[in-house]
Amino acid sequence: MALPRGIRNNNPLNIRKGNNWKGERPNQTDKEFEEFESMQMGLRAAFILLRNYMNGYGGRRKPCDTIEKIVSRWAPEVENATRAYIRYVSDKTGIHERQILFFNNKDMMCRIVQAMAFVENGVQLNMDEIRSAYDMV
């Protein structure tokens, strides 16, 4: 059985192409999604994007600072079962979907990324690897 796309690409949150990320594979074969040299680099990129969402790209956009706002933007209704995604992340992390989040809360952010990666791929990622990637941001 083939691994899910996000796992094959070392891109567990399925970040779409569009940025030049540190740690990208030099030869990209996926036309839609980024491919990273390691899972840790894909997780690092995910944390950077989530931090940008939460701070509104330095004030240039409205902040996405709750699970509900983050997931609604990350996985829009036109492509996903967004409400179910939000509920899963909230239930799995024990964080209310409308609770204000702070990026400097490492435990909270790592639980959110682990839950989002599960929704995206159906695979439980190792929390130590997630924490290590958070520390790289």
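Filtering PRO63, PRO4, PRO76 for residues that are over 22 Å from SER132 (Cβ atoms) and either touching a Gly at 6+ places or on another chain (Cβ under 8 Å) or of a type in the set (Phe, Trp, Tyr) (or both) leaves a single hit, PRO63.
Scan the stretch 1-18 for residues that are in a loop (DSSP other than H, G, I, E, B), among the aliphatic types (A, V, I, L, M) and more than 12 Å from the chain's Cα centre (by Cα) and jot them down. Within the stretch 1-18, MET1, ALA2, LEU3 meet the criteria. Residues in the stretch 58-74 that are small (Gly, Ala, Ser) and at pLDDT below 90: GLY58, GLY59. Pairs are defined by a Cβ separation below 8 Å, a sequence spacing of at least 6 or placement on different chains, a first member in the stretch 114-127 that is free of Cβ contacts under 8 Å to residues at least 24 places away in the same chain, and a second member that is among the aliphatic types (A, V, I, L, M) and assigned to a loop (DSSP other than H, G, I, E, B); the pairs so defined are GLN114/LEU125.
The values are calculated or read from the model by the stated rules, or taken from the named source; none is laboratory data. Values in this document were obtained by computation on a predicted structure and should not be read as measured data. Ideal geometry is used to build each Cβ from the backbone, glycine not excepted, and the neighbour counts take in all protein chains shown.
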